[in-house]
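A.B. asks: Sharing a structure here in structure tokens format.
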Amino acid sequence: MSTYDSVQMMQPASNGTVVENVLHQIRNAISAGRFRSGDRLPSEFELMKELNVSRNSLREAMKILSAIGIVEIRRGDGTYICSEIKPSFIDSVAYSVLLEGSSAEELIEFRQTLDEDVLHMAIRKSTEEDIQKLQEYINQMRLKFNNGEIGAAAKLDYRFHQYLAKCTRNRFLERMVLGVYDLFERSIEKNIRTEELFASADEHHQEMVDCIIQRDESRVEEVIARSLSSWRKDVKHKISE
């Protein structure tokens, strides 16, 4: 099927604002696989005709798609589906979910599911070098905390989770985790500020690494549930305020 044929399957913009509908139709075409990574979109004229929209509405929609990293506009060459996932796309999704007023339970379920998936994949795909790197983050966290450098320990905690996501060898999942953890970064320091909280966080990090070392996926749900215990209480408190 040619690119032009595929756009024939999109529907003219109708309900809602014209720009929103253009975004919806192109997003659906990508999700359905009619436009793939690196594909050149039909010409502006062809898209205007198929979607029955004005040039201004189409250009506005393309600017939005470009801004969130779905398409790349190349002057004099055309518009292409991005060949790689752009951080802004994932981050905008994460921020939009929070702005829509997600409940505490929704956020907790989402993060727990995400963390479980990451650990499962890290267990399957991590190398010995990865394991050493994760253990080094934990060791450095302990050192910084014991020296009273809480902020530095929190940054290492954040980097531990970043690197754990990298161990999945899945760029989409990695970017999703980075986007989501950007939202939770400020809560990390709060959750390790006392000796009791740090000891708990330290134990949970070590349990994750132990699961990877032992290639043991049977304990993933249990380990992640414990690792989020303090954060879970904090989220429920904040959202109920």
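A.B. asks: When the Karplus curve 6.51 cos²θ - 1.76 cosθ + 1.60 is applied with θ = phi - 60°, which whole-Hz ³J(HN,Hα) does each residue of the range 199-206 get, with x for Gly and Pro?
C.D. replies: The phi angles translate into 4, 5, 4, 4, 4, 5, 4, 5 Hz.
A.B. asks: Just list whichever of K125/K155; K63/K155; K63/K125 have alpha carbons separated by over 31 Å in the model shown.
C.D. replies: Flagged as over cut-off: K63/K155; K63/K125.
A.B. asks: Nearest 0.05, what FRET efficiency do I131 and E109 give at R0 = 41 Å with Cβ-Cβ as r? Write down the numbers at each step before the final one.
C.D. replies: Numbers: r = 29 Å, r/R0 = 0.70.
Here the calculated transfer efficiency is 0.90.
A.B. asks: Just to check I understand the Karplus step: with θ = phi - 60° and J = 6.51 cos²θ - 1.76 cosθ + 1.60, what whole-Hz values come out for the range 49-64, glycine and proline as x?
C.D. replies: Values per residue, Gly and Pro as x: 5, 5, 8, 6, 10, 7, 4, 4, 5, 5, 5, 5, 5, 5, 5, 5 Hz.
A.B. asks: Out of the total accessible area of the range 103-173 (probe 1.4 Å, heavy atoms of protein only), what percent is carbon and sulfur?
C.D. replies: Numbers: 1710 of 3610 Å².
Here carbon and sulfur together make up 47 percent of the probe-accessible area.
The values are calculated or read from the model by the stated rules, or taken from the named source; none is laboratory data. The structure displayed is predicted, hence computed values, not measured ones. Neighbour counts are summed over all protein chains in view; Cβ atoms, including those assigned to glycine, are modelled from backbone coordinates with ideal geometry. Heavy atoms of the whole protein, side chains included, go into the accessibility calculation; ligands, DNA and RNA do not. Shrake-Rupley method; radii C 1.70, N 1.55, O 1.52, S 1.80 Å.
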